[in-house]
Amino acid sequence: MTSVPVTPEAGETAARSTRTGRRVPLSWLGVVPFLAYVGLFLILPTVLVVVQAFGTPEGQPTLANVKALGESYVLEAFWRSILLSLSTAAIGAVFGAVLAYLVVSGPADGIVRRTVTAAAGVLAQFGGVTLAFAFMVSVGNQGLITLMLQGTGLDVSGGWLYRLSGLIVVYLYFQIPLMVLVFLPALDGVKPQWREATESLGGGTWAYWRHVGVPLLTPPFLGAFLLLFANAFAAYATAAALIGQGGIIIPLQIRTAMTSETVLGQENVAKALALGMVVVVGVAMALYSWMQRRSARWLR
Amino acid sequence: MRGVGASVAVGAIVALAACAPPSDDDSAVGEGGVSASSATSAEEFGGMDALIAAAKEEGELNVIALPDNWANYGEIKAAFTEKYGIKITTDQPDGASQDEINSVKTEKGRSTAPDVLDMGSAVTLANTDLYAAYKVATWDDIPDAQKESTGLWVNDYGGYMSIGYDSSKFNSVTALKDLLGSDFKNSVALNGDPTQAGAAFSGVVAASLGNGGSADDISKGVDFFKELKDSGNFVPVQSSPATIKSGETPVALDWDYNNAAAVSENKNWKTVVPEGAVVGSYYNQAINADAPHPAAARLWQEFLFSDEGQNLFLGGGARPVRMDAMTDAGTIDADLAAKLPEVPGEPVFLTTEQTEAATKYLTENWAKAIG
């Protein structure tokens, strides 16, 4: 993510050769792998999803798949997916940001920082079946902690882990570490000199945060929040391992539509559901870029 | 693992690769003058020895969605490899039947495509244009109702819906209604979602039969699970060997052969076929019409339907399709047969119409009942 400064000489050479027309600039070549990657992994799948969402398995055009998006159980699943993503992104962003701030306040190469970043790096990727199972055997109905608490007379079972409440708790386990990872660089960019400058101008802590810290950190915070939202929105394996009944969130409904042994021929409904997800993320992106523009105005 | 986007992208790449033209039929030609990929019986290919030689020449077999702890497939695969020296590659061991069909379509023409399929009935019947017709040597032993007349698919093994439970935690269970008792709080699980998995689907059908419903009307089964949920006894997690081992699903409704195999996870695990709610179902074998290893695929069928293969299914607690014929001929492993759980009552096998009606009802009502 570092920007390479272009030396004046290089810029001048490129400009001159373009003017004389002797050499075709080859600088665009560097971006080819990126474009190929984006084309293959982002644009092509998106196009396939959009096209197939409007077709039958035989390729005939139809609106039936998209109509399924209006079914009450699908709308409920979308609502729960958005609720899950928003809540875990919000809680994850706040707790992650606070944790990251505490880490940054310490010495740059201190043991705390090294431990926290290493742990965050591991935990942010510790999702899926392993995470779900770890929760199951510790706080599930027959989990170690549940049974220990029951031994002391406190009944905490009741299947909370296998509902939306459970998903929220489990998702936070990878959302908070992810926030720490993506927010640390932004906090590192905040120079102590700015604080000194505020103080030398007579501003206190409140003034510093009100006029410098928060405006400066808002765009990266919103960006990280959006990343967390998308991360939770698309998360699948953790929920799949935890909840075996009913597609309470959209990724689980897509799974059902694609692999069901009992309800057949729903593959293209899965594409329509995926299209719905693309739309939701698209709206989130648009909102983000709008807020980014507003909050970034201060920086100009 | 967590990104749906990633799997969609992978799907796109597989779809791209699938655009490559299928390879020409270069499979071995037997003494009968028929290529392995079009032979409809070993005899037509020039006899078993010719088939074995051609299969050994191919040296490999691709299977899909055959976990080692399902119907004894671990031992079956090992025995086949040992006997013929053919290496078996298992793709997506925990995949569903529909995953098998998806794989046949997306990997068409590639050497990694599945050679043989083992699927539930609904998926089998919906995709018959993808299979090669083949009749094994023991074809006549198989009842007509359990095979497609030209050999496109054939029942291989089956079982009955059963209740598996940890006998160290619960007194003996005999009927589904027992599970409504207060002892079973947070305990009862299905192997999957009935709108998705065949085993869970049959669990609901069994619950219907055990509660005054019928194969034509499964609403009583859905009501039963709603009651189970309202009483706090239902666990919405999918039972698996791991959840049985950890104790998270101390009661699991699943095929009797799966519950029988769970003893290896929990030595107190008992399997009973519930009283008056005996639902049976068979899985089906089929050969991929575009099998990359056509001779090995056919030899695998011959092996599965031989006395040896059928007794291996029995070793996993599954009921092989030739069981009656083998019992008459005295070739069944009597010790293994005696270990099967008792079947209290006349088994019910759903017809295609009943399956369709039940599926429709479940799609509309299951999520509401347990949501």
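The values are calculated or read from the model by the stated rules, or taken from the named source; none is laboratory data. Values in this document were obtained by computation on a predicted structure and should not be read as measured data. Reconstructed Cβ throughout: ideal geometry from the backbone, glycine too, with neighbour counts over all protein chains shown. Surface areas here come from the heavy atoms of the whole protein model, side chains and all, with no ligands, DNA or RNA. Shrake-Rupley method; radii C 1.70, N 1.55, O 1.52, S 1.80 Å.
Couple of notes before you dig in:
- When restricted to residues that are part of a helix (DSSP H, G or I) and of a type in the set (D, E, K, R), region A:44-86 contains 3.
- Filter result (closer than 14 Å to B:Q301 by Cβ and open to solvent by 50 Å² or more (accessible area, probe 1.4 Å)) within region B:41-81: B:E43, B:E44, B:M48
- When residues in region B:279-293 are screened for being more than 15 Å from the chain's Cα centre (by Cα) and either open to solvent by 10 Å² or more (accessible area, probe 1.4 Å) or at pLDDT below 95 (or both), 5 of them pass.
- Restricting attention to region B:162-201, the residues that are hydrophobic (A, V, I, L, M, F, W, C), within 14 Å of another protein chain (Cβ to nearest Cβ) and in contact with a strand residue (DSSP E or B) (Cβ under 6 Å, 6 or more places away or on another chain) total 5.
- Flag for A:A119 being at pLDDT 90 or above and either within 13 Å of chain B (Cβ to nearest Cβ) or under 30 Å from B:G247 (Cα atoms) (or both): yes
- Answer residue from region B:231-246, given it is open to solvent by 10 Å² or more (accessible area, probe 1.4 Å) and assigned to a loop (DSSP other than H, G, I, E, B) and is farthest from the other protein chains (Cβ to nearest Cβ) among those: B:S231
- Residues of region B:259-275 satisfying the condition of being open to solvent by 30 Å² or more (accessible area, probe 1.4 Å) and of a type in the set (V, I, T): B:V263, B:T271, B:V272
- Only residues that are open to solvent by less than 50 Å² (accessible area, probe 1.4 Å) and touching a helix residue (DSSP H, G or I) at 6+ places or on another chain (Cβ under 6 Å) were counted across region A:101-132, and they come to 11.
- Some residue of region B:350-364 being part of a loop (DSSP other than H, G, I, E, B), out of contact with any strand residue (DSSP E or B) (no Cβ under 7 Å at 6 or more places or on another chain) and within 14 Å of chain A (Cβ to nearest Cβ): yes
- Filtered residues of region A:218-240 (kept if closer than 17 Å to A:T130 by Cα, hydrophobic (A, V, I, L, M, F, W, C), within 8 Å of chain B (Cβ to nearest Cβ) and part of a helix (DSSP H, G or I)): A:A237
- For the residues B:D99, B:D49, the requirement of being in contact with a strand residue (DSSP E or B) (Cβ under 9 Å, 6 or more places away or on another chain) and not in a loop (DSSP other than H, G, I, E, B) singles out B:D99.
- Here the condition is being without any contact (Cβ under 8 Å) to a residue 24 or more places away in the chain, closer than 19 Å to A:A274 by Cα and not in a loop (DSSP other than H, G, I, E, B); of A:F41, A:F34, it holds for A:F41 alone.
- One residue stands out among those in region A:133-173 that are away from every other protein chain (no Cβ under 12 Å) and more than 22 Å from the chain's Cα centre (by Cα): the one that is surrounded by the most Cβ atoms within 10 Å (Cβ to Cβ), which is A:L149.
- Residues in region B:99-117 that are under 26 Å from B:E356 (Cα atoms) and open to solvent by 10 Å² or more (accessible area, probe 1.4 Å) were compared, and the one that is nearest to the other protein chains (Cβ to nearest Cβ) is B:D99.
- Selection count, region A:241-256, where residues are closer than 18 Å to A:E76 by Cα and either open to solvent by 10 Å² or more (accessible area, probe 1.4 Å) or within 7 Å of another protein chain (Cβ to nearest Cβ) (or both): 11
- Within region B:150-204, being of a type in the set (V, I, T) and part of a loop (DSSP other than H, G, I, E, B) holds for B:T150, B:V173, B:T174, B:T195.
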